[in-house]
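Asks: Provided herewith is a single structure, encoded as structure tokens, for subsequent inquiry.
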Amino acid sequence: MRRLVVLFGLVIVAMGIVGIVRPERSFAVMLDLPASVLLYVAVAVRVLFGMVFILAAPNCRFPRIMYVVGIASFVAAFVTMWLGADRLQSVVHWWFRQAPLFLQSVYAVVVLFGAFLVYAGCGHPGNEHRSHPSLRLPDD
């Protein structure tokens, strides 16, 4: 499961970089999707992310944070379903009308989040707290 967290993190970093470089064209394909398809894809991706983050949490560097991210993903899926297809499509259209600098700023945060996922998925829990013999202070 940790490998999926790392893979998701890498995909999120790539999506963020695309958004920074070409904010006006980033994911514009979503504008052409029918509202119902957009809704199903958005909910499915959020549920998938939530499941992976919660199942991988015990084996990641920051298990509590990964649980929170997984639960937040499930909440986001529920909110997306509650919004409905038409409102979701309105939000997507609103998003693509924003200023490029605003979009680039948000995509920069997306890159940082993806990088965090890669870092969290690459390590074992508790690695940060283990003491190494070379780092111990001498007993005087």
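Asks: May I ask you to list the residues in region 78-104 that are within 22 Å of A14 (Cα to Cα), in contact with a helix residue (DSSP H, G or I) (Cβ under 6 Å, 6 or more places away or on another chain) and at pLDDT 90 or above?
Replies: Passing the criteria: only Q104.
Asks: I need a count of the residues in region 80-97 that are without any contact (Cβ under 8 Å) to a residue 40 or more places away in the chain and loosely packed, with under 12 Cβ neighbours inside 10 Å.
Replies: Count: 3.
Asks: Select from region 2-30 the residues that are surrounded by 19 or more Cβ atoms within 10 Å (Cβ to Cβ), modelled with pLDDT under 90 and not polar (S, T, N, Q) and list them in ascending order.
Replies: R2, G19, P23
Asks: Kindly evaluate V45 against the criterion of being surrounded by fewer than 15 Cβ atoms within 10 Å (Cβ to Cβ) and either within 13 Å of the chain's Cα centre (by Cα) or in a helix (DSSP H, G or I) (or both). Step through it out loud before you land on a result.
Replies: Working: surrounded by fewer than 15 Cβ atoms within 10 Å (Cβ to Cβ): no; either within 13 Å of the chain's Cα centre (by Cα) or in a helix (DSSP H, G or I) (or both): yes.
Taking the combined requirement at face value, the residue does not satisfy it.
Asks: Residues in region 121-133: is at least one modelled with pLDDT of 85 or more, under 15 Å from the mean Cα position of the chain (by Cα), surrounded by fewer than 17 Cβ atoms within 10 Å (Cβ to Cβ) and not hydrophobic (A, V, I, L, M, F, W, C)? Don't jump to the end; show me each part of the working.
Replies: Start the filter on region 121-133 by keeping residues that are modelled with pLDDT of 85 or more, which leaves 121-122.
This time we only want the ones that are under 15 Å from the mean Cα position of the chain (by Cα), so: 121.
When the remaining residues are screened for being surrounded by fewer than 17 Cβ atoms within 10 Å (Cβ to Cβ), the result is none.
Checked region 121-133: no residue is modelled with pLDDT of 85 or more, under 15 Å from the mean Cα position of the chain (by Cα), surrounded by fewer than 17 Cβ atoms within 10 Å (Cβ to Cβ) and not hydrophobic (A, V, I, L, M, F, W, C).
Asks: Something else now. Taking region 7-36, which residues are part of a helix (DSSP H, G or I) and among the acidic types (D, E)? Write out each step before concluding.
Replies: Filtering region 7-36 for residues part of a helix (DSSP H, G or I) gives 7-21, 28-32, 35-36.
Passing the criteria: only D32.
The values are calculated or read from the model by the stated rules, or taken from the named source; none is laboratory data. Predicted model only: the values in this text are computed from it and were never measured. Here Cβ is always computed from backbone atoms with ideal geometry, including for glycine, and neighbour counts include all displayed protein chains.
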